[in-house]
Amino acid sequence: MTVEIPTLAELHALGAAQQPTYPDAGAVQAAVDKLRTMPPLVFAGECDDLKQRIAAVTRGEAFILQGGDCAETLAGVSADNVRAKLRVLLQMAVVLTYAASVPVVKIGRLAGQYAKPRSNDTETREGITLPAYRGDAVNGYDFTPESRIPDPQRLVDVYNASAATLNLIRAFVTGGYADLRQVHTWNQDFVRDSPFAAKYEVLAGEIDRAMSFMQAIGVADPDEFHRVDFHSSHEALVLEYEHALTRIDSRTDEPYDVSGHFIWIGERTRQIGGAHVELMARIKNPIGVKLGPSTTPDDAIALAARLNPANEPGRLTFITRFGAGKIRAGLPPILEKVSAEGLNVAWITDPMHGNTFEAPSGYKTRNFDDVLDEVQGFFDVHRAVGTWPGGLHVELTGDNVTECLGGGEQLTDADLAHRYESVCDPRLNRVQSLEMAFLVADMLRK
Ligand code: PEP
Ligand code: MN
């Protein structure tokens, strides 16, 4: 039996949070009509496959690595940019796979991560107040009145940008670029070239010996060496976009949001009975929900009941983002209640969004040590409760930006101005990301 999808008007009538106020309803209709004619970006069968992989995470038999920009930009759709992000994620995944001794499910915040919820509707600079930037899916980053007007044509542009990005990723991950030996060589280069990375030598050496061992016993060239599974994800925010890309799969007669493999509901849009939860409740993709420090155990139970009534393993991932100072007290009651109810959930940590602050220089930043501390808290709490710490959700880039403080390079507030490129939240740079993988590897092995 086919699930009924509410109409866009019905969803908006639920008082959808964080939506653009478009000035021209006709232009919105034209963009939605156009999107409805466009082919799927991902296939339902791929979403099912990812759901099976996440089901293994709910059983404690796999680990998730999800990462990428806070906000992708249309200008950022270049081979260099996409390749650099993919490369750092693959490098991290090899280290984590070795340390966890389980498969690492690789998911990019890529090919669709263009819409941002905002704490404030407006932004003021030097006495001038304009609508906030809501991501390239909605309006422009330039601080001018024209640029900040929401333009629905951007939804079509984002679709096209996502298609181009996915096409490149599919080529990279099946075409030899992701070869395990190649990725391992990049990691060895990282360890060799970084003065402070001597502490990562031991683990890199172990991985090297494991690779040689496999070669020696004759597993010289399995298919798994050449290709990796990689999935796309984004926050499902702008209803017009997600609704237009929700399609009935001809195989199963079930609805899927074919804008990405995995989509998540943000901290600001997870209201029970709200438009985002109601739309996501109808689709079959694996989905996530961000849980911040205001979440009660009953909130988590209510979300699971609405979003995964059949308790299907792999369908629901809770992405906790409490902040380093709050996770140790805040997470246990939620874990205990969800476990006591026997709910199948994959738990992953987003150690970024609870640790954002404004540096004296005025830049929005995060401290590498706070990020690490939240991950450590996440592992500690799960181990104490007896649940599986199932993965990591990070904002990162493959470039040498200066957006987060600390790390082995010991970036300071004075360094932030050097190369701060994010249009939204601060990301770990390439070196900080790789260091994080090595440090989390240690936590996994303990
Ligand atoms: C994000 O992931 O960029 C984000 C806005 O997160 P949250 O909904 O957890 O604040
Ligand atoms: Mn963010």
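Evaluating ALA324 against the criteria (1) closer than 29 Å to THR124 by Cα; (2) within 16 Å of ligand 1 (Cβ to nearest atom); (3) out of contact with any Ser or Thr (no Cβ under 8 Å at 6 or more places or on another chain) leaves one unmet condition, (1). Evaluated against (1) farther than 23 Å from GLU235 by Cβ; (2) touching a Phe, Trp or Tyr at 6+ places or on another chain (Cβ under 7 Å), GLY325 falls short on exactly one condition, (2).
Kindly check whether there is at least one residue in segment 44-57 that is in a loop (DSSP other than H, G, I, E, B) and either surrounded by 16 or more Cβ atoms within 10 Å (Cβ to Cβ) or more than 23 Å from the chain's Cα centre (by Cα) (or both). Scanning segment 44-57 turns up no residue that is in a loop (DSSP other than H, G, I, E, B) and either surrounded by 16 or more Cβ atoms within 10 Å (Cβ to Cβ) or more than 23 Å from the chain's Cα centre (by Cα) (or both). Residues that are more than 16 Å from ALA137 (Cβ to Cβ), outside any loop (DSSP other than H, G, I, E, B) and either in contact with a helix residue (DSSP H, G or I) (Cβ under 8 Å, 6 or more places away or on another chain) or of a type outside the set (Asp, Glu) (or both) within segment 9-29 comprise ALA9, LEU11, HIS12, ALA13, ALA25, GLY26, GLN29, listed in sequence order. Residues considered: LEU303, LEU291, LEU279. Of these, the only one that is farther than 12 Å from LEU316 by Cβ, assigned by the TED database to the domain that holds VAL138 and either in contact (Cβ under 8 Å) with a residue 40 or more places away in the chain or crowded, with 17+ Cβ neighbours inside 10 Å (or both) is LEU279. Within segment 40-88, the residues that satisfy the criterion of being in contact (Cβ under 8 Å) with a residue 40 or more places away in the chain and within 16 Å of ligand 1 (Cβ to nearest atom) are ILE64, LEU65, GLN66, GLY67, GLY68, ASP69, CYS70, ALA71, GLU72, THR73, LYS85. Within segment 260-275, identify whether any single residue is within 22 Å of the chain's Cα centre (by Cα), assigned to a helix (DSSP H, G or I), in the same structural domain as LEU35 (by the TED database) and within 24 Å of GLU10 (Cβ to Cβ), and answer yes or no. Yes, segment 260-275 has at least one match. Of all residues in segment 346-405, those satisfying the criterion of being among the aromatic types (Phe, Trp, Tyr) and more than 15 Å from LYS326 (Cβ to Cβ) are TRP347, TYR363, PHE368, PHE379, TRP388.
Inspect all residues belonging to segment 244-254 and state whether any of them is surrounded by 23 or more Cβ atoms within 10 Å (Cβ to Cβ) and assigned to a helix (DSSP H, G or I). Full working, then the answer.
At the first step, the residues of segment 244-254 found to be surrounded by 23 or more Cβ atoms within 10 Å (Cβ to Cβ) are 244-245.
Within this subset, residues satisfying the condition of being assigned to a helix (DSSP H, G or I) are 244.
Scanning segment 244-254, I find at least one residue that is surrounded by 23 or more Cβ atoms within 10 Å (Cβ to Cβ) and assigned to a helix (DSSP H, G or I), so the answer is yes.
Quick check on my filter: what residues within segment 421-442 are of a type outside the set (A, V, I, L, M, F, W, C), buried (at least 17 other Cβ atoms within 10 Å of the Cβ) and over 24 Å from VAL191 (Cβ atoms)?
From segment 421-442, those of a type outside the set (A, V, I, L, M, F, W, C) are 421-422, 425-427, 429-430, 432-433, 435, 442; that's our starting set.
This time we only want the ones that are buried (at least 17 other Cβ atoms within 10 Å of the Cβ), so: 422, 425-427, 429-430, 432-433, 435.
Residues satisfying the conditions are SER422, ASP425, PRO426.
Can you find a residue that is more than 16 Å from ligand 1 (Cβ to nearest atom), in contact (Cβ under 8 Å) with a residue 40 or more places away in the chain, within 21 Å of ILE287 (Cβ to Cβ) and in the same structural domain as ILE64 (by the TED database) anywhere in segment 137-155? Yes, some residue in segment 137-155 is more than 16 Å from ligand 1 (Cβ to nearest atom), in contact (Cβ under 8 Å) with a residue 40 or more places away in the chain, within 21 Å of ILE287 (Cβ to Cβ) and in the same structural domain as ILE64 (by the TED database).
Consider GLY390 carefully, then state whether it is more than 13 Å from ligand 1 (Cβ to nearest atom) and farther than 25 Å from ALA441 by Cβ. Spell out how you get there, then give the answer.
Details: more than 13 Å from ligand 1 (Cβ to nearest atom): yes; farther than 25 Å from ALA441 by Cβ: no.
In short, no.
Exactly one residue among VAL32, VAL3 is farther than 22 Å from VAL394 by Cα, surrounded by fewer than 23 Cβ atoms within 10 Å (Cβ to Cβ), away from ligand 2 (no atom under 16 Å from the Cβ) and outside the structural domain of LEU155 (by the TED database), and that residue is VAL3.
Considering only residues that are aliphatic (A, V, I, L, M) and either surrounded by 11 or more Cβ atoms within 10 Å (Cβ to Cβ) or at positive phi (or both), which ones fall in segment 126-137?
Within segment 126-137, the subset aliphatic (A, V, I, L, M) is 128, 130, 132, 137.
Selection gives LEU130, ALA132, ALA137.
Scanning segment 200-224 for residues that are touching a residue at least 12 places away in the same chain (Cβ under 8 Å) and either closer than 30 Å to GLN410 by Cα or surrounded by 12 or more Cβ atoms within 10 Å (Cβ to Cβ) (or both) returns TYR200, LEU203, ALA204, GLU206, ILE207, ASP208, ALA210, MET211. Scanning segment 173-195 for residues that are in a helix (DSSP H, G or I), touching a helix residue (DSSP H, G or I) at 6+ places or on another chain (Cβ under 6 Å) and among the hydrophobic types (A, V, I, L, M, F, W, C) yields LEU180, VAL183, TRP186, PHE190, VAL191.
Here the condition is being away from ligand 1 (no atom under 15 Å from the Cβ) and surrounded by fewer than 18 Cβ atoms within 10 Å (Cβ to Cβ); of GLY398, GLY362, GLY377, GLY406, it holds for GLY362 alone. Within segment 86-125, if we keep just the residues that are assigned to a strand (DSSP E or B) and within 14 Å of the chain's Cα centre (by Cα), the residue that is surrounded by the fewest Cβ atoms within 10 Å (Cβ to Cβ) turns out to be LYS106.
The values are calculated or read from the model by the stated rules, or taken from the named source; none is laboratory data. Bear in mind the structure is a predicted one, so any value in this text is a computation, not a measurement. Glycine gets a Cβ as well: all are built from the backbone with ideal geometry, and neighbour counts include every protein chain shown.
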